[in-house]
Amino acid sequence: MKTLKIAIQKSGRLNEKSVELLKNCGLSFENYKSSLISSVSNFPLEILFLRDDDIPEYVQDGIADIGIVGENVIAETKVEVAYLQRLGFGKCKLKLAVPVNSNITAIEDLNGKAVATSYPVILEKFFNDNNIKADVKMISGSVEIAPGLGLSDAIFDIVSTGGTLKSNGLKPFADVMSSEAILIGRNGEEENPLIQELIQRIQSVLRAKETKYVVLNVEKKNLETVISLLPGVKSPSVVSLAEEGWVAIHTVIPEQDFWEKINSLRAAGAQGIVVMPIEKIIF
């Protein structure tokens, strides 16, 4: 059986979460911090540790079969790859920002202005789509300092919390793109059985992360009411308790739904509610 190759970021904001995801999928590998390639001992997979900018092209060219990379990097490199699975981490926004005392308040005000960025492809497309004629200046590194140095009137960059912008006297004023980590593959290779098996493992981990195992006690007379408030994977399991007239309900529920329903469950007679994490969910 051919060994699958997956490319992930060697260092940076997606590295730790990518490694964590693969390990949670039951993949066993070591020494990834000191090597560019790591073999998985219990699955036909090799992990390539690369610069994030190189990952989309490696996948497109077939050097790697699949990869984990930010959606913004895919858009910037303009490669042709298949989106296999959104991974839910590495979320950020790419925004336009200006100095706090700037009179630029709308994207139309950027006509004739200079905008510094490390993402010229994404920015130029945005400007073309909105008929903006601005001078896009490509800068590698700390884009936030460009206005303070007189290099630009505005910047376009990744924003996670906004703290970096604020510390440099900048304020965001327009969202251009939302991004998160994506599992990508080479076009036409999506049905590879090994890729499908890995996707299934990843999906089971992602579902478990957003879901909780809930156990609660309720009197039989309130059973139907409580069950109606608990949408599970299929239907809740009901187990009789030693105390006459009482049962325990076991179910799986999205965490957000549970916290929205907690008061209704208690009002319906649920007691002794226990919420536990789930490692994996496989349908």
> To the nearest 0.05, how large is the calculated FRET efficiency for residue 53 and residue 175 if R₀ is 25 Å and r is the Cβ-Cβ distance?
Replying inline: 0.65
> Taking θ as phi - 60°, what are the ³J(HN,Hα) couplings along the stretch 110-115 by the Karplus curve (6.51, -1.76, 1.60), each to the nearest whole Hz, with x for Gly and Pro?
Replying inline: 7, 4, x, 9, 9, 10
> Dipole magnitude of the stretch 92-178 about its Cα centre, charges +1 at Lys/Arg Cβ and -1 at Asp/Glu Cβ only, in debye to the nearest 20?
Replying inline: 140 debye
> Can you work out ³J(HN,Hα) from phi for every residue in the stretch 13-21, in order, using Karplus 6.51 cos²θ - 1.76 cosθ + 1.60 and θ = phi - 60°, giving whole Hz and x for Gly and Pro?
Replying inline: 6, 9, 4, 4, 5, 5, 4, 4, 4
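Do any GluC sites (Glu not before Pro) in the stretch 92-186 lie in a loop, going by DSSP, with at most 16 other beta-carbon atoms within 10 Å of their beta carbon, and if so which?
Details: sites: 108, 124, 144, 180; in loops: 180.
Those that pass, being in a loop and sparsely packed, are 180.
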>> Given axes a ≥ b ≥ c from the Cα gyration tensor, I'd like to know whether the stretch 92-178 is rounded (a/c under 1.5), prolate (a/b larger than b/c) or oblate.
In response: rounded
> What FRET efficiency comes out for the pair residue 200/residue 129, r = Cβ-Cβ distance, R0 = 22 Å, nearest 0.05?
Replying inline: 0.05
> Picking from 187, 169, 198, whose Cα lies most toward the positive end of the charge dipole for the stretch 161-201 (charges on Cβ: Lys, Arg +1; Asp, Glu -1)?
Replying inline: 169
> So which trypsin sites (Lys or Arg not before Pro) in the stretch 57-140 are both in a DSSP loop and have at most 14 other Cβ atoms within 10 Å of their Cβ?
Replying inline: 78, 91, 133
> the stretch 206-283 to the stretch 96-142: how many Å between their Cα centroids?
Replying inline: 51 Å
>> Given Cβ point charges of +1 (Lys, Arg) and -1 (Asp, Glu) and nothing else, what value in debye, to the nearest 20, does the dipole of the chain about its Cα centre take?
In response: 520 debye
>> Using each residue's phi in the stretch 123-140, evaluate 6.51 cos²θ - 1.76 cosθ + 1.60 at θ = phi - 60° and report the 3J(HN,Hα) Karplus result to the nearest Hz, with x for Gly and Pro.
In response: 5, 5, 5, 4, 5, 4, 5, 10, 6, 9, 9, 10, 8, 8, 10, 7, 10, 9
> Which residues' amide hydrogens lie under 5 Å from the amide hydrogen of residue 113, considering only partners 5 or more residues apart or on another chain, with H built in the peptide plane?
Replying inline: 135
> Given the stretch 92-178, what count of lysine pairs have C-alpha atoms under 17 Å apart, with each pair 8 or more places apart or on different chains?
Replying inline: 14
> Farthest toward the dipole's positive end in the chain, which of 281, 11, 264, given Cβ charges of +1 (Lys, Arg) and -1 (Asp, Glu) about the Cα centre?
Replying inline: 264
> Which percent of Cα pairs goes in each bin when the distances of the chain are cut into 5 angstrom slices starting at zero?
Replying inline: 1, 5, 10, 12, 11, 10, 10, 10, 10, 8, 6, 3, 2, 1, 0, 0
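Select from the stretch 177-283 those trypsin sites (Lys or Arg not before Pro) which occupy a DSSP coil region and have at most 10 other Cβ atoms within 10 Å, ordered by residue number.
Hits after loop and neighbour filter: 234.
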> If amide H atoms are built 1.01 Å from N in the plane of the peptide, which residues on other chains or at least 5 residues away come under 5 Å of the amide H of residue 45?
Replying inline: 4, 40
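Each reported figure results from applying straightforward, stated rules to the coordinates on display, with no laboratory input. Since this is a predicted model, take the numbers as computed values, not measurements. Using ideal geometry, Cβ is built from the backbone for each residue, glycine included, and neighbour counts are taken over all protein chains shown.
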